[in-house]
Amino acid sequence: MSKRVLLIEDEPNIIEAIRFILARDGWIVDTHSDGATALEAIETKMPDLVILDVMLPNRSGYDITRDLRAREDLADLPIMMLTARGQEKDRDIAAAVGVNHFMTKPFSNADVLEQVRALTAT
Amino acid sequence: MPMRALAGTRIRERRLSAGRAQADLARQVGISASYLNLIEHNRRRIGGKLILNIADALGVDSQILIEGAETALLNTMREAAASPEASEPEIDRMDEFAGRFPGWATLVGDQHRRIRDLERTVTILTDRLTHDPHLAASLHEMISTVTAIRSTSAILHDTQDIEPEWQRRFQRNIAEDSRRLAETSQSLVAYLDEAGRADSNFSAPQDEVDAFLEGAGYHFTALESVRPAAPETIVAGSIALTSQTARGLAVDWLTRYLADAKLLPLAQFERAAIEAGYDPGLLAQRFSCPVPQVFRRLATLPAGKEHPDIGLVVCDGSGTLVTRKAPPGLSLPKFGAACPLWPLYQALARPNMPTRSVIAVTGDRVRTFIAYAVSVVDAPMAFQGPQLFEASMLLLPEEHFDLPAQAALRVGTSCRICSENDCPARREPSILTDGF
């Protein structure tokens, strides 16, 4: 059975590219673009992995992760963070709130695929 | 080199070096030779219009006669010694150093100023890179677009059996993103060019405004007439105001000046000021206007008349100095906080309660002033917004006034260059007593 990825990102052409490479690898890819309703989208889709941008409209990826980790049913959900902000302090914040993997933009498709596989390997 | 010569002695030195007879100079400035003789031997106080006239007749800056060129140099050297990176200069031998090696001392002062300017440039550039929202948004947009292009082009390059429909879609995406990237880049370059032109001297906007006001002697004849000039016109003609922010601040300052001038017309106010002995309380009663407005009018009286040179310091609710008109003989801090004992800050804590005190400002030479202070509250958004506090302090130099019979409060300019060891308000050590 195919695994499910929820991509939360607001840049349409990045969404299209990531959706294509993951779908070709056999993943079911759902997408969402609004930070304020991201938690509801996660609850509805129940993905095996969340790919999360930091700078989203209405709510940051850090805040979404923090809320997610506070919930017992979602505390272990793997999160891969994509961001244009790659400074040390951004990595520190991501680690502090509970992000599993931090990847800076621009990324290579191969790296995205490799990390998605690694984070969902059982 | 006499480092603490008095004004009279300086006048005598300058007159002799210019080869002028005492009677000749006295005649030129409209006083008797015997009176000039008393001044030159420091037996009569001098200030106001007379010292300006003597300075003019001798062809020197009046500040040099009032304070001496050495005071400015010593102040700069003291600032240099207060730098955090300074080792342990012999503060107690600073006078001796400046006296024996004036060229080296000037070089130390010049280099300190240069370092300070460069440090400020670095701070402004760093602030711009870190906090400029337009720059941050543009860079984020560029990185996002580059990410989309990179990922999409890799798909087209690496995927052998891509469906024609997807191929067309990705090609269209790349074309869109390339256009977007070009536009963002052009917009960013234009923004940086404009910012570079506007703030090419990297001075803080408030410093530009201070330079502009000092250059005009804090008096604007064009705003005093019945058909005054527009503040924007005066600002547009200034070369001291280079950044948009500084021009905006200057327009605000002049707009307030214009309102004050309309309510307190100059000729009427000057007459009343002389009659009232420059007492701001009496003038506020006489004109039925707020005390801070009288402060501002007194501090912006035209120079070259018989008025004393009155200082004015204004701070906002955070204590930041937003107007710095220093009276002769007093240095106001340009960076960092001022002395917390200033009546200005006492007034800030007690709005609408005017105070009058005598302050003795410590330093090389103790200067005494009558300090009037008051703070007012403004609520520009009525009940809908915050209350804004502003405190003002008017400084009348002792030479021109009879001091009230009360003990002088000893204050400094800022902790680092204040020698008052036991001051309860001290927040950091002084380089004058504790070293580093």
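Has the stretch A:8-19 got any residue that is more than 20 Å from B:R169 (Cβ to Cβ), among the small types (G, A, S) and either part of a helix (DSSP H, G or I) or within 9 Å of another protein chain (Cβ to nearest Cβ) (or both)?
No, the stretch A:8-19 has no match at all.
Filter the stretch A:20-29 down to the residues that are at the interface with chain B (Cβ under 9 Å from one of its Cβ atoms) and in contact (Cβ under 8 Å) with a residue 12 or more places away in the chain and list them by number. Working first, answer last.
So the first thing to find is which residues in the stretch A:20-29 are at the interface with chain B (Cβ under 9 Å from one of its Cβ atoms), and the list is A:20-21, A:24.
Within the stretch A:20-29, A:I21 is the sole residue that qualifies.
If you check A:G61 against the conditions, is it in contact with a strand residue (DSSP E or B) (Cβ under 6 Å, 6 or more places away or on another chain) and farther than 27 Å from B:I162 by Cβ?
Considered against the rule, which asks whether it is in contact with a strand residue (DSSP E or B) (Cβ under 6 Å, 6 or more places away or on another chain) and farther than 27 Å from B:I162 by Cβ, A:G61 comes out as yes.
Looking for something closer than 30 Å to B:R256 by Cα, among the hydroxyl-bearing types (S, T, Y) and surrounded by 15 or more Cβ atoms within 10 Å (Cβ to Cβ) - is there at least one such residue anywhere in the stretch B:169-185? Show your work before the answer.
First, the residues of the stretch B:169-185 that are closer than 30 Å to B:R256 by Cα: none.
Scanning the stretch B:169-185 turns up no residue that is closer than 30 Å to B:R256 by Cα, among the hydroxyl-bearing types (S, T, Y) and surrounded by 15 or more Cβ atoms within 10 Å (Cβ to Cβ).
Can you find, within the stretch B:18-43, the residue that is nearest to B:I54 (Cα to Cα) among those that are under 34 Å from the mean Cα position of the chain (by Cα) and part of a helix (DSSP H, G or I)?
Selected residue: B:V29.
Quick check on the stretch B:56-79: of everything there that is crowded, with 17+ Cβ neighbours inside 10 Å and among the small types (G, A, S), which residue is modelled with the lowest pLDDT?
Result: B:G68.
Given the criteria within 11 Å of chain B (Cβ to nearest Cβ) and not small (G, A, S), does A:R4 qualify?
Against the criterion (within 11 Å of chain B (Cβ to nearest Cβ) and not small (G, A, S)), A:R4 does not qualify.
If you check every pair at least six apart or on different chains, which have Cβ atoms under 6 Å apart with a residue in the stretch B:306-330 that is more than 19 Å from B:A250 (Cβ to Cβ) and in contact (Cβ under 8 Å) with a residue 60 or more places away in the chain first and a residue that is among the acidic types (D, E) and crowded, with 20+ Cβ neighbours inside 10 Å second?
B:P327/B:D309; B:P328/B:D309; B:G329/B:E67
Does the stretch A:85-105 include one or more residues that are of a type in the set (A, V, I, L, M, F, W, C), crowded, with 21+ Cβ neighbours inside 10 Å, under 13 Å from the mean Cα position of the chain (by Cα) and within 13 Å of chain B (Cβ to nearest Cβ)?
Checking the stretch A:85-105: not a single residue is of a type in the set (A, V, I, L, M, F, W, C), crowded, with 21+ Cβ neighbours inside 10 Å, under 13 Å from the mean Cα position of the chain (by Cα) and within 13 Å of chain B (Cβ to nearest Cβ).
Could you list, in sequence order, all residues of the stretch A:56-98 that are in a loop (DSSP other than H, G, I, E, B) and touching a residue at least 40 places away in the same chain (Cβ under 8 Å)?
Those that are in a loop (DSSP other than H, G, I, E, B) and touching a residue at least 40 places away in the same chain (Cβ under 8 Å): A:L56, A:P57, A:P78.
Would you please name the residue that is nearest to B:G99 (Cα to Cα), looking only at residues in the stretch B:1-27 that are of a type in the set (S, T, N, Q) and modelled with pLDDT under 90?
B:T9
Considering every residue within the stretch B:182-193, establish whether at least one is more than 35 Å from the chain's Cα centre (by Cα) and either facing chain A (nearest Cβ under 10 Å) or part of a loop (DSSP other than H, G, I, E, B) (or both).
Within the stretch B:182-193, none of the residues are more than 35 Å from the chain's Cα centre (by Cα) and either facing chain A (nearest Cβ under 10 Å) or part of a loop (DSSP other than H, G, I, E, B) (or both).
State which residue is nearest to B:A246 (Cα to Cα) when the search covers only the stretch B:194-223 and only residues that are at pLDDT 70 or above and part of a loop (DSSP other than H, G, I, E, B).
B:A204
Regarding B:R168, is this residue more than 9 Å from chain A (Cβ to nearest Cβ), more than 16 Å from A:G86 (Cβ to Cβ) and without any contact (Cβ under 8 Å) to a residue 24 or more places away in the chain?
Answer is yes for this residue.
Scan the stretch B:242-254 and give yes if some residue there is within 16 Å of B:G217 (Cα to Cα) and charged (D, E, K, R), otherwise no.
No, the conditions are met nowhere in the stretch B:242-254.
Identify all residues within the stretch A:30-53 that are more than 24 Å from B:F170 (Cβ to Cβ) and without any contact (Cβ under 8 Å) to a residue 40 or more places away in the chain; write none if there are none.
Residues satisfying the conditions are A:D34, A:G35, A:A36, A:T37, A:A38, A:L39, A:E40, A:A41, A:I42, A:E43, A:T44.
What is the residue count in the stretch B:332-362 for residues that are surrounded by 20 or more Cβ atoms within 10 Å (Cβ to Cβ) and in a loop (DSSP other than H, G, I, E, B)?
3
Give A:R71, A:R24 a once-over and let me know the one that is among the charged types (D, E, K, R) and within 30 Å of B:D161 (Cβ to Cβ).
Numbers: A:R71 fails: within 30 Å of B:D161 (Cβ to Cβ).
Selected residue: A:R24, the only one of A:R71, A:R24 that is among the charged types (D, E, K, R) and within 30 Å of B:D161 (Cβ to Cβ).
Can you name the residue in the stretch B:81-97 that is more than 13 Å from B:S430 (Cα to Cα) and among the aliphatic types (A, V, I, L, M) and, of all such residues, is modelled with the lowest pLDDT?
Per the stated criteria, the residue is B:A86.
Take the stretch B:39-55 and flag every residue that is surrounded by fewer than 17 Cβ atoms within 10 Å (Cβ to Cβ) and without any contact (Cβ under 8 Å) to a residue 12 or more places away in the chain.
Residues satisfying the conditions do not exist here.
Restricting the stretch A:32-58 to residues that are more than 16 Å from A:L119 (Cβ to Cβ) and within 14 Å of chain B (Cβ to nearest Cβ), which is surrounded by the fewest Cβ atoms within 10 Å (Cβ to Cβ)?
A:P57
Please list, ordered by first then second residue, the pairs with beta carbon atoms under 8 Å, 6 or more apart or interchain, first in the stretch B:5-18 and among the basic types (K, R), second in a loop (DSSP other than H, G, I, E, B).
Sorted first by the residue in the stretch B:5-18, then by its partner, the pairs are B:R10/B:G68; B:R12/B:H41; B:R14/B:V60.
Name the residue, out of B:F369, B:F295, that is in contact with a Ser or Thr (Cβ under 8 Å, 6 or more places away or on another chain) and surrounded by 21 or more Cβ atoms within 10 Å (Cβ to Cβ).
B:F295
Would you check which residues across the stretch B:143-165 are more than 7 Å from every other protein chain (Cβ to nearest Cβ) and within 14 Å of A:N13 (Cβ to Cβ) and list them? I'd like the intermediate steps shown before the answer.
Kept after step one, since they are more than 7 Å from every other protein chain (Cβ to nearest Cβ), are these residues of the stretch B:143-165: B:145, B:149, B:153, B:156-165.
Within the stretch B:143-165, B:T145, B:I149, B:S153, B:L156 meet the criteria.
Does A:A23 count as within 14 Å of the chain's Cα centre (by Cα), assigned to a helix (DSSP H, G or I) and not acidic (D, E)?
Spelling it out, it is not the case that A:A23 is within 14 Å of the chain's Cα centre (by Cα), assigned to a helix (DSSP H, G or I) and not acidic (D, E).
Does the stretch B:286-301 contain any residue that is without any contact (Cβ under 8 Å) to a residue 24 or more places away in the chain, in a helix (DSSP H, G or I) and over 15 Å from the mean Cα position of the chain (by Cα)?
yes
The values are calculated or read from the model by the stated rules, or taken from the named source; none is laboratory data. Note that the coordinates shown come from a computational prediction; the quantities given were computed from them, not determined experimentally. So basically every Cβ, Gly included, is an ideal-geometry build from the backbone, and we count neighbours across all protein chains shown.
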